[in-house]
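Trainee: I have a structure I would like to understand better, so I am pasting it below and will then ask my questions one at a time.
The values are calculated or read from the model by the stated rules, or taken from the named source; none is laboratory data. Just so you know, these numbers come straight off a predicted model, no measurement behind them. Every residue, glycine among them, receives a Cβ derived from its backbone with ideal geometry; neighbour counts consider all protein chains shown.
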Amino acid sequence: MKDDTVSRRRFLRGSAFLAGGIGALAISASRAEAKVPKVAAGYQDKPNGSERCDNCQFFVPPHSCRAVAGVISPHGWCELWMGRPITERRPFDREVEPFRVRRGMS
């Protein structure tokens, strides 16, 4: 008859491997969140044609970026520029009707 119990040594070894794997995963996740310096990203304070930071998917208003470190100009550009999908709209992207004055209101 086969004994299905797990020995203490096997349990501790498995736990150590699991803890090491979780630690490695946490380190790689923190590295993925690291930002690139402006110089390495080829950042410039002026746009590249119609490509500018305020229409990039990494831009965080008013002056930040998910990919590049430091203060970012909305009118800047870098080599990491990636346009936002059409489905991702921000409130300032939509056209606003002009203000109309209603007559007869007091």
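Trainee: So which residues in segment 13-38 are loosely packed, with under 10 Cβ neighbours inside 10 Å and modelled with pLDDT of 65 or more?
Mentor: Result: E33, A34.
Trainee: Out of curiosity, is P85 at pLDDT 70 or above and either surrounded by 12 or more Cβ atoms within 10 Å (Cβ to Cβ) or in a loop (DSSP other than H, G, I, E, B) (or both)? Give the derivation first.
Mentor: Working: at pLDDT 70 or above: yes; either surrounded by 12 or more Cβ atoms within 10 Å (Cβ to Cβ) or in a loop (DSSP other than H, G, I, E, B) (or both): yes.
Criteria met by P85.
Trainee: Please go through segment 47-82 and give me each residue that is surrounded by 16 or more Cβ atoms within 10 Å (Cβ to Cβ) and part of a strand (DSSP E or B), ordered by number.
Mentor: Within segment 47-82, C56, F59, C65, V68, W77 qualify.
Trainee: Just give me the residues in segment 33-68 being closer than 13 Å to W81 by Cα, of a type in the set (S, T, N, Q) and within 12 Å of the chain's Cα centre (by Cα), in sequence order.
Mentor: Once the filter is applied, which keeps residues that are closer than 13 Å to W81 by Cα, of a type in the set (S, T, N, Q) and within 12 Å of the chain's Cα centre (by Cα), segment 33-68 yields only Q57.
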